[in-house]
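Notes for the one structure printed next.
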Amino acid sequence: MSLLPKVGTELNVEQLEALKVFAKACRHDIIQMVTNAQSGHPGGSLSSIDFLTTVYLGVIAQGGEKLVYSNGHISPAAYSVLANLGYLDRDEVVRDFRQIGSIFEGHVTRHVPGIWYGTGPLGIGCSVASAFALSEKLGRSNRKVFGVLGDGDAQEGEVYEMMNFAAKNQLNNLIVFCDANGVQLSDSLAKIMPVNLKGHFEAAGWLVLESNGHDFAALWKALAQAYASEKPVLILAKTVMGKGVDFMEKEGLAMKAIWHGKAPSKEQIQPAIDALCLSDVEARLLEKVRAEVSWKPQKPEFTASLTANKLNPGKAKVYTELTDCRTAYGMALLDLAELNPQVMALDADLRGSVMTKFLAEKFPERHVECGIAEQNMMSLGGGFSLAEYVPFVSTFGAFMTSRAKDQARVNDINCTNVKMVATHSGLSVGEDGPTHQSIDDMGSFLGMFNTMVIEPADPNQTDRIIRYVATHYGNFYVRMGRHKFPILTKEDGTPFYGEDYAYEYGRTDLVRDGGEVAVVATGATVYEAFEAWKTQSEKGKPFKLIAVSSIKHFDENLVKSLKGVKQVVTVEDHNLKSGLYSQMAVFILENGLQSQLKGLGVNEYQFSGKAEELYLKAGIYRQNIVEYLDKLQ
């Protein structure tokens, strides 16, 4: 008789004992971890260990189903389970938890085998689990995916975005355990912020099963019911913070938050450690459990950013007529989807604006409509990318980089492969006004180590950039405006970014040569500078016009182009303090260039108006550039 139960069968005496012994061993390791580190979160780790024991021994240890922690601070519970299954060196985990240089960080991290996605900021994990669940369905599987959520965690708005998404997509393969211990960081939920979890999830269309979170028989029964459900399932596990350590449990029953994030002293905890040590009989039973474990996690792999993949980039399009960059994006995305089944698109009720509509019409199964829920959408993108899809996530720049920045940052930490393409950026959005005119969006991602930022200069370069980001690993933020403008041309009138143009990240292009003044522009302002060059050239005052594609990475060509230049003028549809101007200042200093630097950009919030009118008012229109250069030359 197996010690690892099968879902749908009754627990026998030996299996029940095995669950109890396993949970006891985990509790022992949890309190040793936090005591040794003198930091960590023992309360929720102890309260959740019984349902984690149930799902790991009853399901994951046998089949490798994915589980994502939303309450990533219960890492002691996660690591103790993985160690006692034999996946990790138990002594190393206990010794090195939260220590410098160790992978066993204070919040769950993807560097640890068996952790599918690293979390810390609350509310994110179950969105990622939803992406994993939908990925299974897209692959014609109904394999179960699990999420773990704290009851305080569920106060986050992203959780509500997730619950609606899961219900809409009929994710009956998604099972979320909620550690309902009634206590959060500062006090009880009743005092801080009560949440009606059962009511909210049921209203969203979930099946909610309530269970004693410390009764293995009850948890096992709830798990069997969840497997039979045609809806996503929340198992509301009623638990006690600090369960299994008498003095912590006492405070948990009193709804006190003392042990949420506090480590006990070694003297204080020693009696509990002694009481949780396994007897010889229990230790032998645990060894038998480990011997039956049939699934083991692989060592996690982290692909370096900008590594080329095997996607087919297709043939670049050449635009000659007036159009916008967002249309070029949508058409390139459709082309990529036709050639690569792993390419998909996510948007937030904006398919007609961000131009994912082309893919949606032809491949509806690979178009994921997220509704007006940008935070959930961004985390879904991270999950899909780790499920080996290539997700293009699109919304307006203002929402992508402000509302969903936290989620993009956690994706960055997880080294995901999300292609963020934002339209309606800058003053180009026009009449929608300052709430939608994202003029600080590029700066939002400058501090992220695994996210590249790009802004195309015209539709032809947009096409090539989109193909590049699809065929290279990493998180990319590609920013573009809303309005139409002509394509850039060479001196012979052919497209500057024509058939012979190949994009590389950070590439800069000398669009026109000139004298000792250089105008360095990015995005739609490259065309404004291009028109200014024509005017100045006719007056015998040509300047160097350089197009920059990324304010985060400049190539060697920029150094060569600026040699001998006395005056550099940057132009951007962005805030000068966190955009091209500020980055160029650093670049000039670091490369020892003897150039004075001035910047034309957006210095204050604007009102409604057409893109050209707003450019003129902000001082970044072609006329403004000419007037400024006349003062210099």
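Taking the options Leu488, Leu427, name whichever one is within 24 Å of Val520 (Cβ to Cβ) and either β-branched (Val, Ile, Thr) or in contact (Cβ under 8 Å) with a residue 60 or more places away in the chain (or both).
Numbers: Leu488 fails: either β-branched (Val, Ile, Thr) or in contact (Cβ under 8 Å) with a residue 60 or more places away in the chain (or both).
When all the criteria are applied, what remains is Leu427.
Here is a yes/no grid of residues against (1) modelled with pLDDT of 95 or more; (2) surrounded by fewer than 24 Cβ atoms within 10 Å (Cβ to Cβ); (3) in the same structural domain as Ala373 (by TED's automatic domain parsing):
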site	(1), (2), (3)
Ser127	yes, no, no
Ala131	yes, no, no
Leu138	yes, yes, no
Asn142	no, yes, no
Val145	yes, no, no
Leu149	yes, no, no
Gly157	yes, yes, no
Tyr160	yes, yes, no
Met163	yes, no, no
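Matching residues to (1) of a type in the set (Asp, Glu); (2) within 22 Å of the chain's Cα centre (by Cα):
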residue: Pro271; (1), (2): no, no
residue: Ala308; (1), (2): no, yes
residue: Met344; (1), (2): no, yes
residue: Asp349; (1), (2): yes, yes
residue: Val354; (1), (2): no, yes
residue: His367; (1), (2): no, yes
residue: Glu374; (1), (2): yes, yes
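Please work out which one of (1) closer than 14 Å to Ala529 by Cβ; (2) not in a loop (DSSP other than H, G, I, E, B) is the condition Leu597 fails and give its number.
Single failed check for Leu597: (1).
How do the strands (runs of 3 or more DSSP E) wholly within the range 148-241 filter down when requiring 2 or more residues that are in contact (Cβ under 8 Å) with a residue 40 or more places away in the chain and in contact with a Phe, Trp or Tyr (Cβ under 6 Å, 6 or more places away or on another chain): which remain? Step through it out loud before you land on a result.
Details: elements: 174-180, 207-212, 233-238.
So the answer is 174-180, 233-238.
Of these, Glu267, Glu301, Glu292, which one is under 22 Å from Pro113 (Cβ atoms), surrounded by fewer than 13 Cβ atoms within 10 Å (Cβ to Cβ) and acidic (Asp, Glu)?
Numbers: Glu267 fails: under 22 Å from Pro113 (Cβ atoms); Glu292 fails: surrounded by fewer than 13 Cβ atoms within 10 Å (Cβ to Cβ).
When all the criteria are applied, what remains is Glu301.
Got a sec? Which of Ser550, Ser582, Ser578, Ser561 is among the polar types (S, T, N, Q), over 31 Å from the mean Cα position of the chain (by Cα) and surrounded by 14 or more Cβ atoms within 10 Å (Cβ to Cβ)?
Values: Ser550 fails: over 31 Å from the mean Cα position of the chain (by Cα); Ser582 fails: over 31 Å from the mean Cα position of the chain (by Cα); Ser578 fails: over 31 Å from the mean Cα position of the chain (by Cα).
Criteria check complete, one pass: Ser561.
So Met1 fits all but one of (1) free of Cβ contacts under 8 Å to residues at least 24 places away in the same chain; (2) among the aliphatic types (A, V, I, L, M); (3) closer than 18 Å to Gly147 by Cα; what number is the exception?
(3)
If you go through the range 22-30 one residue at a time, do you hit one that is within 25 Å of the chain's Cα centre (by Cα) and not basic (Lys, Arg)?
Quick first cut of the range 22-30, residues within 25 Å of the chain's Cα centre (by Cα) only: none.
No, the range 22-30 has no match at all.
Residues checked against (1) over 35 Å from the mean Cα position of the chain (by Cα); (2) exposed (fewer than 13 other Cβ atoms within 10 Å of the Cβ); (3) of a type in the set (Phe, Trp, Tyr); (4) closer than 18 Å to Thr522 by Cβ:
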residue: Gly592; (1), (2), (3), (4): yes, yes, no, no
residue: Tyr615; (1), (2), (3), (4): no, no, yes, yes
residue: Ala618; (1), (2), (3), (4): no, no, no, yes
residue: Val626; (1), (2), (3), (4): yes, no, no, no
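The values are calculated or read from the model by the stated rules, or taken from the named source; none is laboratory data. As the structure is a prediction and not an experimental result, all values here were calculated from the model. Cβ: placed from backbone, ideal geometry, glycine included. Neighbour counts: every protein chain shown.
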